[in-house]
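Let me begin by presenting the structure, written as structure tokens, before commenting on it.
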Amino acid sequence: LNKNAVEDMWGFYVNGLRFMGQMNPYLDFELRKYYPESHYILERFKTDFVVATTLRNLHKGIESGYYHGDLNPEIVAKIYASRLFAIFDAEMFPVERFSLSETLLTMLKYHIRGIATVKGINELQRLLTISVESGISTQA
């Protein structure tokens, strides 16, 4: 499938929700406490993966006119990664108050709307509309 950059980011959101729903919520705590070296290696991998994936998405979006061309992709990718990981800070986003799906979607909208051209924003709106019709959570 030849998806555009906004569709790719949307796919990360949908697949991320599926993955997170299957993840043991205590895994991070236990790794950090009992296996700090393994935790560090996993955190580096996650950060490197998110930055590299976001960087590819930004280049694709800029080249295809979905994202503004005057962005510094490396800086934007690192900002995105740091915000993504901040969502999992239980003090900042307590699960009793903020659902993971709502928080992730809000961040995705914030990110896309901040970097997208009119073409990209229209594509985001199209995906949100389709998702409402198909029952994917878009309540953010």
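The values are calculated or read from the model by the stated rules, or taken from the named source; none is laboratory data. Note that this is a predicted model, so its numbers are computed, not measured. Here the Cβ positions follow ideal geometry from the backbone for every residue, glycine too, while neighbour counts run over all protein chains shown. Areas reflect the complete protein model, heavy atoms only, side chains present, ligands, DNA and RNA absent. Shrake-Rupley method; radii C 1.70, N 1.55, O 1.52, S 1.80 Å.
Among the chymotrypsin sites (Phe, Trp or Tyr not before Pro) in the stretch 1-89, those located in a DSSP loop and surrounded by at most 15 other Cβ atoms within 10 Å of their own Cβ are Y26, F88. Pairs of alpha carbons in the chain separated by more than 27 Å make up 24% of all such pairs. A Förster distance of 25 Å, applied to the separation of the beta-carbon atoms of K78 and D8, puts the FRET efficiency at 0.85. Contact order for the chain, expressed relative to its length and based on alpha carbon pairs under 8 Å spaced 6+ residues apart, stands at 30 percent. Find how many whole Å separate the alpha carbon centroid of the stretch 3-19 from the alpha carbon centroid of the stretch 81-126. Spelled out, the Cα-based centre of one part sits 12 Å from the other. When the surface is traced with a 1.4 Å probe over the full set of protein chains, T106 keeps roughly 70 Å² accessible. Net charge in the neighbourhood of K78 (other residues with Cβ under 15 Å of its Cβ; Lys, Arg +1, Asp, Glu -1) is +1. With both labels modelled 7 Å from their Cα along Cα-to-Cβ, the F19 to A52 distance reads 1.3 nm. Seen against the Cα atoms of the chain and their longest principal axis, helix 73-86 is set at about 50 degrees. Backbone phi angles across the stretch 40-57, fed through the Karplus curve with coefficients 6.51, -1.76 and 1.60 (θ = phi - 60°), yield HN-Hα couplings of 4, 4, 5, 5, 5, 4, 4, 5, 4, 5, 5, 5, 5, 5, 5, 4, 4, 5 Hz in residue order; Gly and Pro are listed as x. Per-residue ellipticity at 222 nm, computed for the chain from helices alone with -39500 (n - 2.57) per DSSP H run of at least four residues, works out to -24000 deg cm²/dmol. Given H placed on each backbone N at 1.01 Å, which residues far from Y67 in sequence or on other chains put an amide H within less than 5 Å of it? Close amide H contacts, sequence-distant or interchain: I62, T117. Taking all Cα pairs closer than 8 Å and separated by 6 or more residues, the relative contact order of the stretch 54-125 comes to 39 percent.
Surface exposure of the chain, expressed per residue as accessible area with a 1.4 Å probe, stands at 66 Å².
Would you mind finding the longest exposed-site-free stretch of the chain, with exposed GluC sites (Glu not before Pro) meaning DSSP loop and at most 15 other Cβ atoms within 10 Å? The longest such stretch corresponds to 1-90.
With 0.36 nm allotted per residue and the present C-alpha distance subtracted, the L42-I87 stretch has 14.5 nm of extension available. Legend: calculated FRET efficiency, D28 to T117, from the Cβ-Cβ distance at R0 = 35 Å, rounded to 0.05, equals 0.45.
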